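Have a look at the structure below, then the notes.
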Amino acid sequence: MARQMVNLKDHTNIALVYFVLAAVLGCVLRFFRVFDIPITYKYIVHSHSHVALLGWVYLALTTLLYKLYLSKSNVHKKYAKVFWFTQLTLVGMLLTFPFQGYAVFSIVFSTLFLFASYWFSWFFFKNVPVEYHQKQSLKCAKAAIIYLVISSIGPWALGGIMNTLGGDSIWYRLAIYFYLHFLYNGWMIMALLAVFLYILEKQQIVMPQRSFKRFFWGLNLGIVLSFFLSTLFSHPSVVYFIFGGLGAVLQLCAFYILWRFLVDIKLNFKSLFSTFHQNLLKIIGVLWVIKMILQALSSIPYFADLAVTYLDFTIGYLHWTFLGVVTVSLFIFLDYFKLVHLNKKAFYLYFFGFVLTEGLIFYKGVAGWYGFTLLENYYGALAIASASILLSLIYIVVRGIKHTKLVGDI
């Protein structure tokens, strides 16, 4: 077990290194507006997004799922093959996207990553011990993996769309939005909920079955229907707005069911988490509610047009989900299971950078909306805010690696 534990810490550190690299690429994009940097901007955007979503989040989530459900099974060597094949695809993307964007080699490696994710999905479903089969957390974990597989329909469709309809087609954007929607709202959110419910289950805290069914099916139906919000840029019929809005409302209702359950178990809940973790969970709750409110607003034609016209609102929303809801949740859970040592100062520096960058991104959207001029040093301020996120991540990684060496096999 000790050997497995150290291995998973190494896997977590590798995931964090990818996050650092994604942050470096993000800073390059920010400073591109400040200095003359000899890069192809679009290529770095592709690199940044792939390393962030597939390097950091995917690895962190799969590491958590392995630890929770598979680490006691005798599948360590088999999992190592899945893990290292995944690394081959990620390093390949990291070495190709910045220099050629979407071209032969980067497409090969990103396609191989899809096969790696299928391999992990099959591996997980096959090897989860019987003792977990009726657990509520596992139902969420399985749903998350199903969404991961479903999301891959988007990348597969892109090749055919490019060859037939071209990159300017509505279907090209729809394929990308399909991928991002089910990756963010399906795979990531459901996997994080699985980890959270697992922690509660280990302390014999279980949501009443009737409440869980309402929560689970309301959330999943909401995830599916809210995809229609990603189609509103094409100005479809009013039915799409209704479906998308219903999906957003269903997710809000599911969150309310979960919140009511947590209120009922408040005393037990506090005994599970440190004061620091409790504060972070409250932050996540606020971030998640705001995310869902923004999502619901986008079902209203006026706000849907705003998001399409001023892309900073869309970019801000995606970063709000990725850097806020998803990443802060990962920090808590990785620290809770002692896969990383989360330093408070480093986290608050990260959160400061997150809040500042989000404020500046949404400020630019509002400036475009109301037609006023940006602050003179806007891009410099945004670059510095992004640099603070990078510094915090470097600190977390260095402390994490040192902590792993000090703890050893304990």
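Some notes on this structure:
- Inter-site label distance for Ile283 and Lys126 at 7 Å from Cα along Cβ, in nm: 4.0 nm
- Coupling constants for region 168-183 follow from the phi torsions by the Karplus curve (6.51 cos²θ - 1.76 cosθ + 1.60, θ = phi - 60°), and in residue order they are 8, 6, 4, 5, 5, 5, 4, 5, 5, 5, 4, 4, 5, 4, 6, 6 Hz; glycine and proline get x.
- This ranking places Leu390, Leu95, Leu297 by how few other beta-carbon atoms lie within 10 Å of each, fewest first, which gives Leu95, Leu297, Leu390.
- Of Glu376, Glu358, the sequence from fewest to most neighbouring Cβ atoms within 10 angstrom is Glu376, Glu358.
- The stretch between Val398 and Lys266, if pulled fully straight at 0.36 nm per residue, gains 44.0 nm over its current Cα-Cα span.
- Normalised Debye scattering of the chain at q = 0.11, 0.12, 0.14 Å⁻¹ gives log10 I(q)/I(0) of -0.85, -1.03, -1.48, counting only Cα atoms as equal scatterers and leaving out solvent.
- Percentage relative contact order, the chain, counting C-alpha pairs under 8 Å, at least six apart: 19 percent
- Shape category assigned to region 181-277 from the gyration tensor of Cα positions, a/c cut at 1.5: prolate
- Cα point-scatterer Debye curve for region 211-346, base-10 log of I(q)/I(0) at q = 0.12, 0.16, 0.18, 0.21 Å⁻¹: -0.57, -0.91, -1.05, -1.24
- Three-way shape label, region 1-128, alpha-carbon gyration tensor, a/c 1.5: prolate
- Computed from the Cα positions only, the extents of region 299-388 along the three principal axes stand at 48, 34, 11 Å, in decreasing order.
- Rounded Å value of the spacing that divides the Cα centres of region 196-258 and region 36-70: 25 Å
- Sequentially through region 70-77, phi angles give Karplus couplings (6.51, -1.76, 1.60; θ = phi - 60°) of 10, 5, 8, 8, 8, 10, 4, 5 Hz, Gly and Pro residues having no value and appearing as x.
- Listing Tyr102, Tyr179 from fewest to most neighbouring C-beta atoms within 10 Å gives Tyr102, Tyr179.
- In order along region 223-234, the Karplus-derived 3J(HN,Hα) couplings, from 6.51 cos²θ - 1.76 cosθ + 1.60 at θ = phi - 60°, round to 4, 5, 5, 5, 4, 4, 5, 6, 9, 5, 4, 8 Hz, and Gly and Pro are given as x.
- Model label points for Lys202 and Tyr172, set 7 angstrom from Cα along the Cα-to-Cβ axis, are 4.7 nm apart.
- Across Lys77/Lys202; Lys266/Lys338; Lys202/Lys338; Lys291/Lys345, pairs whose alpha-carbon gap is larger than 20 Å: Lys77/Lys202; Lys266/Lys338; Lys291/Lys345
None of the figures in this text is laboratory data; all of them are computed from the coordinates on show. Because the structure is a prediction, the values reported are computed rather than measured. Glycine gets a Cβ as well: all are built from the backbone with ideal geometry, and neighbour counts include every protein chain shown.
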